[in-house]
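Every number here is computed from the coordinates shown, using simple stated rules; none is lab data. Given the structure is predicted, the values throughout are model-derived calculations rather than measurements. So basically every Cβ, Gly included, is an ideal-geometry build from the backbone, and we count neighbours across all protein chains shown.
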There are 4 protein chains.
Amino acid sequence: MSTLAYDKTITAPLVIDPYNDFISEGGKAWPRIQAVAEANNCVSHMVEVLNAARTAKLRVFYAMHHRYRPGDYETWRYIAPIQRMAWQRRTFEHGTWGGEFHPDFVPAPGETVAQEHWCSSGFANTDLDLQLKKHGIHQLIVIGLIAHTCVEATVRYAAELGYEVTVVRDATADYSDEMMHAALDINMPNYANVIASTEEVVAAIGAL
Amino acid sequence: MSTLAYDKTITAPLVIDPYNDFISEGGKAWPRIQAVAEANNCVSHMVEVLNAARTAKLRVFYAMHHRYRPGDYETWRYIAPIQRMAWQRRTFEHGTWGGEFHPDFVPAPGETVAQEHWCSSGFANTDLDLQLKKHGIHQLIVIGLIAHTCVEATVRYAAELGYEVTVVRDATADYSDEMMHAALDINMPNYANVIASTEEVVAAIGAL
Amino acid sequence: MSTLAYDKTITAPLVIDPYNDFISEGGKAWPRIQAVAEANNCVSHMVEVLNAARTAKLRVFYAMHHRYRPGDYETWRYIAPIQRMAWQRRTFEHGTWGGEFHPDFVPAPGETVAQEHWCSSGFANTDLDLQLKKHGIHQLIVIGLIAHTCVEATVRYAAELGYEVTVVRDATADYSDEMMHAALDINMPNYANVIASTEEVVAAIGAL
Amino acid sequence: MSTLAYDKTITAPLVIDPYNDFISEGGKAWPRIQAVAEANNCVSHMVEVLNAARTAKLRVFYAMHHRYRPGDYETWRYIAPIQRMAWQRRTFEHGTWGGEFHPDFVPAPGETVAQEHWCSSGFANTDLDLQLKKHGIHQLIVIGLIAHTCVEATVRYAAELGYEVTVVRDATADYSDEMMHAALDINMPNYANVIASTEEVVAAIGAL
């Protein structure tokens, strides 16, 4: 825990998919996430990390899933299962409350929202890598949803693209404990340099 | 001319940056483009190609430059000269008429507008490559602006990424004849499989 | 099972990391893989799929991990945990038997070996996407190692980049049943269009 | 000239295609390059920049074109004109003297050679972006061949991907003065932050 140390000039928090549909009472996917998210206080931990980063003047980045719009998928010849589900469920529908930022995670002026991603990785087919490079960022502190899909995908891509990553283990959630375990304990230890608690990460950010 | 032949299932037109600021009377950059664009009837040729493609039921794609928004560049540590110019000139300013599609090139329902690009290539840091793959496209018919910047950049990227490209030589324009010559005669012949006239391309599309 | 159908002109098998170090008696990682690989007859299933593909004249692609060479990592400022392990273990050391293709998976003339990948995805920082596009491939049949690292990473990237994917569930292996379960049952169903047995896939290829 | 200043920790020279076929007496393309290259002392300037960088302990990177190997292109469904030419001419043929580094540009131990590129950009479908990120590089000093193809393509990609670039104008060459002019005066000023002489760049590196 004492070894967690960041370099302020190259470190940034990355908030993944803080949509109402995921983490707000009444959101389309909230009933499936609620059990895990409440057990580890996911949302309040996300707020703690975000606030610590803002206080330390770290630049905040957001990776947001594509908001559903009519006509998005009808003409595709090729589609992945997770995209077919997004199509059927109309998750994060554009123009609806579910497709808006949870009120605690509305980007502040000067924070960077990457282009929406079509599958799970915040990097794929977006300007996230560019925005991070334009700001000189090499180390990411990742919070958000869902652990074994968008979070893991983004962490895997970050490692592939040359970034170092911290995952805040109690500032993410999933549909089941088994999925959380697969993401946090089986897969991400290969790609994330640090998997730590909110308490540890907030302390490290506070020391900057 | 007789050899121009397309396969309908894998071919699509790509319209680059048909903004009012570029090709409408009153646009910010129009005064610098007007001489070349009027000499080769660029805009009406672009309309001819687009109409031919729509008639042939080809799927139309649009690659649009980033619309200027306040705060876009202020925090970047690294910036390219062409981005610095876009910042100073506020080209394609979001929310203004100049940042809207020229009325002849407003996307129809079912046409695909890729995410905005930050520099010159319609492919870089966007979902253009993904959208083309999702629709099974391997051959592009490119029209639009500016020949030696966004058009050439997009054609170069298309070749690097594995696409075959037709450039319609009188459906693009530039700030000077020398720039047109550099793009059409010096550089793009290495990357575009065909550089042909509107008449030739429209005939080939009409034969589909 | 009867619904598995491929289009010959756009389908290709992708063989991931068939190194001696992974799947040959005496390989560095073989002792850790052997239990799972022998339980599902991984290697002989991989051979069956490869042979079926060659018989059907499908074009075969290989995604190979970076072979360790001295000096590879010493100067990196940023490194992922899985790369640090590759560095320490010198897996697939260049110039050694462990870094050679298992004899049953030596590429035949006319087959395509993508550039070596540095992390887990066969697509990241390589020419795999380009080679697939140059050959008009949109659907992949994936076999090889390790299920929850390179195979899952490559499948996730394939989905992100627009490919449709079949994973052959008994033609891959892992360090533990739990890891296999995480890859095959928790994660890859979101990204692979089909997860089927060797028997099913070989039958579908044979029907081409 | 006095304003040229680099930050040692984020700057690296990038040497593009220093093959015998390009810049050695007897090379396949040398007869077409010789006039321009001798007029501006291209090769000796390239050596000066390289030596200055090595003396200053900057890390050197190399972007090398694909070496021709039999079978490379025969099965491609789609091909760019410049690739068709490389196929016909067998430029940089693997295993021949023409495909070896010019003796003055053989990488020293600890220098990084990116994977070979298939078209013109050293970044496309290679690990160049990854290697630069792994070493924390944000600013490139570009030398090498050919100005309007591989050099311009690499500079354009560098700008698209977020790098700042210096092009050394008398440490590159081309088939004609007109091509040099198109690259150095028409196109690259949009993408390169600095286009300066060997004398200026060597002085700035010497000041580190």
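Remark: C:48, B:152 ranked as C:48, B:152, counting other beta-carbon atoms within 10 Å and listing the fewest first. For region D:17-90, the relative contact order is 22 percent, taking Cα pairs closer than 8 Å that sit 6 or more residues apart in sequence and dividing their mean separation by the residue count. For residue B:4, the distances from its label point to the matching points in the remaining copies are 4.5, 4.6, 6.2 nm, ordered from shortest, with each point set 7 Å beyond Cα toward Cβ. Centre-to-centre separation between the Cα atoms of region D:1-40 and those of region D:109-155: 13 Å. Would you please state the base-10 log of I(q)/I(0) at q = 0.10, 0.13, 0.21 1/Å for region D:41-176, with intensities from the Debye formula using one equal scatterer on every alpha carbon? Treating every Cα as an identical point scatterer, log10 I(q)/I(0) equals -0.34, -0.58, -1.50.
Averaged over all directions, how much area does the convex hull of the C-alpha atoms of region C:1-53 cover when projected, in nm²?
4.7
Taking every DSSP bridge with both residues inside chain B, close to 5 percent are antiparallel. Convex hull volume per residue, computed on the Cα atoms of region C:72-146, equals 132 Å³. Do any of A:28/A:133; B:28/C:133; B:133/C:8; A:134/C:28; B:28/B:133; B:133/D:8 go past 29 Å between their Cα atoms, and which? Where the Cα-Cα span goes over 29 Å, the pairs concerned are A:28/A:133; B:28/C:133; A:134/C:28; B:28/B:133; B:133/D:8. Across the identical copies, the label point of residue B:26 (7 Å from Cα in the Cβ direction) is separated from its matches by 4.2, 6.8, 7.9 nm, in order from shortest. Of C:32, D:169, the sequence from fewest to most neighbouring Cβ atoms within 10 angstrom is C:32, D:169. 3J(HN,Hα) along region C:151-165: 5, 4, 4, 5, 5, 4, 4, 4, 5, 4, 8, x, 8, 9, 10 Hz, from the Karplus curve 6.51 cos²θ - 1.76 cosθ + 1.60 with θ = phi - 60°, whole Hz, x for Gly and Pro. Spin-label model, residue C:113 to residue C:75: label points 7 Å out along the Cα-to-beta-carbon direction sit 2.6 nm apart.
Considering Cα pairs under 8 angstrom that are at least six residues apart, work out the relative contact order of chain A and quote it in whole percent.
29
Rg ratio for region D:132-208: its Cα radius of gyration over 2.2 N^0.38 Å, N being its residue count, equals 1.07.
In chain B, helical runs assigned H by DSSP with n ≥ 4 each contribute -39500 (n - 2.57); averaged across all residues and rounded to the nearest 500, the mean residue ellipticity at 222 nm is -9000 deg cm²/dmol. Quantify how much of the Cα-Cα distance distribution of the protein assembly as shown extends past 46 Å, in percent. Of all Cα-Cα pairs in the protein assembly as shown, 20 percent lie more than 46 Å apart. Label-point distances for residue D:109 to the equivalent site in the other copies, using a point 7 angstrom along Cα→C-beta, read 4.0, 5.6, 6.9 nm when ranked shortest first.
Of all chain D C-beta atoms, the nearest to the rotation axis linking D with B is recorded, alongside its rounded Å distance, as D:182, 2.
Residues D:8, A:134, ranked from the fewest to the most other C-beta atoms within 10 Å, line up as D:8, A:134.
With the simple spin-label model, which puts each label point 7 Å out from Cα in the Cβ direction, the residue A:94 to residue D:55 separation comes to 5.7 nm. For region A:163-208, the convex hull spanned by the alpha carbon atoms encloses 68 Å³ per residue.
So what is the orientation-averaged projected area of region C:24-92, using the convex hull of its C-alpha atoms, in nm²?
Details: hull surface 26.0 nm².
Value for region C:24-92: 6.5 nm².
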